[in-house]
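Report on the following structure.
Computed from the coordinates by the stated procedures, all read-outs in this text should not be read as laboratory data. Note that the structure is predicted; figures quoted are calculated from it, not measured. In this analysis, Cβ positions are derived from the backbone assuming ideal geometry, glycine residues included, and neighbour counts consider all displayed protein chains.
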Number of protein chains: 2
Amino acid sequence: MKRNIDAVLQALDANGEDALARLFEFLAIPSISTDPAYDADCRRAAQWVCDQLSAIGLQATVHATEGKPMVVAHAKEAQRKDSPLHVLFYGHYDVQPVDPLDLWHASPFEPQLSEDPVNGTVIVARGASDDKGQLMTFLEAARAWHDTHGQLPVSISFLFEGEEECGSPSLAPFLADHMDELKADIALVCDTGQWDADSPAITTRLRGLAFSEIVLTGPSRDLHSGMYGGPAANPIRVLSAILAGLHDDEGRIQIPGFYDDIIEPDDAQMAQWQGLGFDGGQFLGEIGLSRPMGETDRSVLEQLWARPTAEINGISGGYSGPGTKTVIPSQASAKVSFRLVPGQDPDSVLKKFRAFVTARLPEDCKVDFVGEGGTPAVGFDVNARPFQAAAEALAEEWGKPPVMMGSGASIPIVESFQGALGMESLMLGFALDDDRIHSPNEKYNLASFKKGARSWARILDKFAAL
Amino acid sequence: MKRNIDAVLQALDANGEDALARLFEFLAIPSISTDPAYDADCRRAAQWVCDQLSAIGLQATVHATEGKPMVVAHAKEAQRKDSPLHVLFYGHYDVQPVDPLDLWHASPFEPQLSEDPVNGTVIVARGASDDKGQLMTFLEAARAWHDTHGQLPVSISFLFEGEEECGSPSLAPFLADHMDELKADIALVCDTGQWDADSPAITTRLRGLAFSEIVLTGPSRDLHSGMYGGPAANPIRVLSAILAGLHDDEGRIQIPGFYDDIIEPDDAQMAQWQGLGFDGGQFLGEIGLSRPMGETDRSVLEQLWARPTAEINGISGGYSGPGTKTVIPSQASAKVSFRLVPGQDPDSVLKKFRAFVTARLPEDCKVDFVGEGGTPAVGFDVNARPFQAAAEALAEEWGKPPVMMGSGASIPIVESFQGALGMESLMLGFALDDDRIHSPNEKYNLASFKKGARSWARILDKFAAL
């Protein structure tokens, strides 16, 4: 049964003060997960979220874990059978620590509105954007649907964790134990951002990661560079030569077969990215650089969103204290990681890397590869029905279609949903680059909060029509 | 006036027991300079040496310094005027610590004779070789000359320090303060070794050193490798490429002009080295290597004694703790040093190195060179009269001419004499590679002690005839 979205949007507009009051109540709970001193506050935040879910007719439960509790909620049985789509909404009720406290203009857990020349009215508090503000856009949309029409438009399950800011140690076992209960048609993950303040976005690609540490051994012991220097192999020299060979002068990675199997973005995607007017020079300028170091035939945005990397994250060998020591060390090592794109298999990449290193090893040196691991990239089909439905809803709310963004980094929960539950994620949020998440004076635009809730209300409406 | 050397040699042979008793008395003093607990023992050792010098008719003085005392002695005025040559003999009365004590077969300061299947009778004690045994070969030769002929054959001054094993902090100021008093025609430095047990040697070449630390800066701060990886310059990658370019595949150093000005050993020197039958494979095998990494057209011995190096003594950048961290660091650094050979100027080498690095720097990176310094190589003319006289004397004692050796490392006292006093050094000693200096069960062959003293007696005789 198709219900009227306009009434839902009117309800959201009419009840904005109440929605803000609820957000302020939530923001006032100092649910800092990494500090045991705030353990009771985290439990209080979990219960607060659970109560919100119960209030809109859901069967909500606080589950104890070895860490912070999980909050899980489901629509009632009757609606679950009825719905064309079952979605799992994910969020986290915990927040980052607040130090350095003296850089805050007001107490981080006494939320307030403030006027900002660029962003208009902003909500300032720890968690205003990450993730309390973001998750409340969805909860308010669901509440408006419930209050207007007596029930939610599709079957929605909820999962809220309280350890996202400290590595989610309880998440994997919880997913494994509640697989059947949590598996849905798609996950909604809200802790991503817009392209800019006027342009909504769906993040459809995340790079994966493969990592290894090379430990090279040359001489059987550290040597005096006077007594042995010249004929003796220096593992730092050998390591430098291997690492220097990872890229050619055009920024292409030289590991044989490294680029095999990559699934390139389609033409429509490329055309949208090219139309974004992304300023690579400004992006690099903000970190003191000017010349892109990736493949010279790729734009900066492609280098970030659609191309893999080979990066040296750390190197060590010999003496690095003050002054000099004329040593030829026995060993040298480097931590290497690869950002991967869709199509690349982490194990296969690591195998090719090992072959690359081994082929360049002088006969006298040996190599060990330690601490290897990885996760594949994520690349969702933007033409799949839920993505298209969300895109239509966003276009109606914002007056322009969403940017189908990539992200150079990974989002562990998305990988977990894909790996543990075989479930794709619609990554969609209303954060902005200047929200100062994890930093003093974190903010969320009041417009983000209001239009975010309206956007979700429209998305749920479109889902109901699938 | 030429005096009879045979009588001196006979006296040395006849009084071997007394000489050994004196050495044992000296070895029993635990003059460990690096440990303040042995300060009184160091002063006792200095006084003991001073008494020995007085006993052979010299004007000997113990000079207080800010550290351990210096012992200085001179021939009497009459003899100084008379002598064809004035030499300064240098030695040190301090010794290395003895730990690990449990690896010693007997107490390190209770010297004893022991039978060794390879070396025959050996003197075992801390300092037996380095440097008490070595310096006593000279003192016994001087004593035998004094006892036999009533005076020394040439004018000899003595300088004994007590801080050689802890970096000689008092030496430079002492040399500066006593320049006129200590300057002689040539210094005799006894803490070097033979080529092998049957072959005496004079060390005529030492490599010099130039050192620098490269600090490369790329991005203005550490970056997340997901958010920036691809376009962002990684200073470890840049540093690796620069360091990898220091050598070509034939081991030649690629810094423009690096090999300019080198003074190659002459043909006679090269012929002697080639005749030594040095086993480069065995040398490398002892440190777990097999293939020489220096210039492919040079022998291992040449690579060690006559060719310069470019060595990376340490490298660091990014994360080197346990596990992974997906960081692109802002900085990376490497400590680089060059062993130099005669003809190369340290400042000039460092200037060429800076130019080499700067020319390879991407426009976005900057480099700082910190902690630079160096000392030139030492290469003495083996045809100079004192060297030839010493060579003749050694040939008479050992039945074969001495090997004119190089050393890949430096000997600070030789550099100090050359730099502070403009004085060349005759580096001549009777230590063997298996003497275990600085290690448990240090030994000096009884034959080294006896033939060492006879060698010095003959050398002094040759000096008197110059």
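Extension gain for A:Asp381 to A:Asp198 (0.36 nm times residue separation, less C-alpha to C-alpha distance): 63.5 nm.
According to the square roots a ≥ b ≥ c of the eigenvalues of the Cα gyration tensor, what is the shape class of chain B, taking rounded for a/c under 1.5, prolate for a/b larger than b/c otherwise, and oblate for the remainder?
prolate
Tell me, in nm to one decimal, what length is gained between A:Gln274 and A:Gln10 on full extension, where the rule is 0.36 nm per residue of separation less the Cα-Cα distance?
That works out to 91.4 nm of additional length.
Once backbone amide H atoms are built at 1.01 Å from N, B:Asp116 has B:Thr121, B:Val122 as its partners under 5 Å, excluding neighbours fewer than 5 places away on the same chain. Taking the number of Cβ atoms within 10 Å of each Cβ as an exposure proxy, the fewest-first ranking of B:Phe278, A:Phe160 is B:Phe278, A:Phe160.
Take the alpha carbon gyration tensor of the protein assembly as shown, find the square roots of its eigenvalues, order them as a ≥ b ≥ c, and report rounded if a/c is under 1.5; if not, report prolate when a/b exceeds b/c, else oblate. Taking the square roots of the gyration eigenvalues as a ≥ b ≥ c, the protein assembly as shown is prolate. Footprinting exposure proxy ranking of A:Glu140, B:Glu363, A:Glu295, A:Glu110, fewest other C-beta atoms within 10 angstrom first, gives B:Glu363, A:Glu110, A:Glu295, A:Glu140.
Each of B:Ala40, B:Ala21, B:Gly67 was placed along the dipole of the range B:16-87 (beta-carbon charges, centred on the mean Cα), and the one lying farthest toward the positive end is B:Gly67.
Residue by residue, the range A:254-266 carries 3J(HN,Hα) couplings of 9, 6, x, x, 4, 8, 4, 6, 5, 9, 6, x, 6 Hz when phi is fed to the Karplus relation 6.51 cos²θ - 1.76 cosθ + 1.60 (θ = phi - 60°); x denotes Gly or Pro.
Helix B:16-27 and the long axis of chain B differ in direction by around 40°, with both axes built from C-alpha atoms. Each copy carries a label point for B:Ser220 at 7 Å from Cα along the beta-carbon vector; from one copy to the others these points are 5.2 nm apart, nearest first.
Taken one residue at a time, the phi angles of the range A:288-304 give Karplus couplings (6.51, -1.76, 1.60, θ = phi - 60°) of x, 10, 9, 9, x, 9, x, 4, 5, 8, 10, 6, 4, 5, 4, 4, 7 Hz. Gly and Pro are set to x.
What do you get for the angle between helix A:39-55 and the principal long axis of chain A? Use alpha-carbon atoms, 0 to 90 degrees, nearest ten. Helix A:39-55 sits roughly 40 degrees off the main axis of chain A.
Please arrange A:Asp248, A:Asp461 by counting, for each residue, the other beta carbons lying within 10 Å of its beta carbon, fewest first.
Working: A:Asp248 11, A:Asp461 24.
Lowest to highest Cβ neighbour count: A:Asp248, A:Asp461.
With label points set 7 Å from Cα along Cα→Cβ, the inter-copy distances at B:Asp35 are 4.9 nm, sorted shortest first.
Putting +1 on Lys and Arg Cβ atoms and -1 on Asp and Glu Cβ atoms, find which of A:Gln331, A:Val300, A:Phe387 reaches farthest to the positive end of the dipole of the range A:294-391. It is A:Gln331. Prolate is the label for the range A:1-44. Its Cα gyration tensor axes, ordered a ≥ b ≥ c, give a/c of at least 1.5 and a/b above b/c. Summed over qualifying helices (DSSP H, 4 residues or more, each -39500 (n - 2.57)) and divided by its residue number, the protein assembly as shown shows a 222 nm mean residue ellipticity of -10500 deg cm²/dmol. Evaluating 6.51 cos²θ - 1.76 cosθ + 1.60 at θ = phi - 60° for every residue in the range A:141-149, the Karplus couplings come out as 4, 5, 4, 4, 4, 5, 5, 7, 10 Hz, glycine and proline recorded as x. In this structure, the pairs whose alpha-carbon distance is over 18 Å, taken from A:Lys132/A:Lys450; B:Lys132/B:Lys400; B:Lys183/B:Lys450; B:Lys68/B:Lys183; A:Lys352/B:Lys325; A:Lys132/A:Lys451, are B:Lys132/B:Lys400; B:Lys183/B:Lys450; B:Lys68/B:Lys183; A:Lys352/B:Lys325. What residues qualify as long-range amide H neighbours of B:Ile328, i.e. H under 5 Å apart, gap of 5 or more or another chain, H built at 1.01 Å from N? Placed amide hydrogens put B:Leu223, B:His224, B:Ser225 under 5 Å from B:Ile328. Helix B:412-421 and the long axis of chain B differ in direction by around 80°, with both axes built from C-alpha atoms.
Amide H to amide H distances under 5 Å link A:His63 with A:Met70, A:Val71, A:Val72, where only residues 5 or more positions off or on other chains count and H is placed in the peptide plane.
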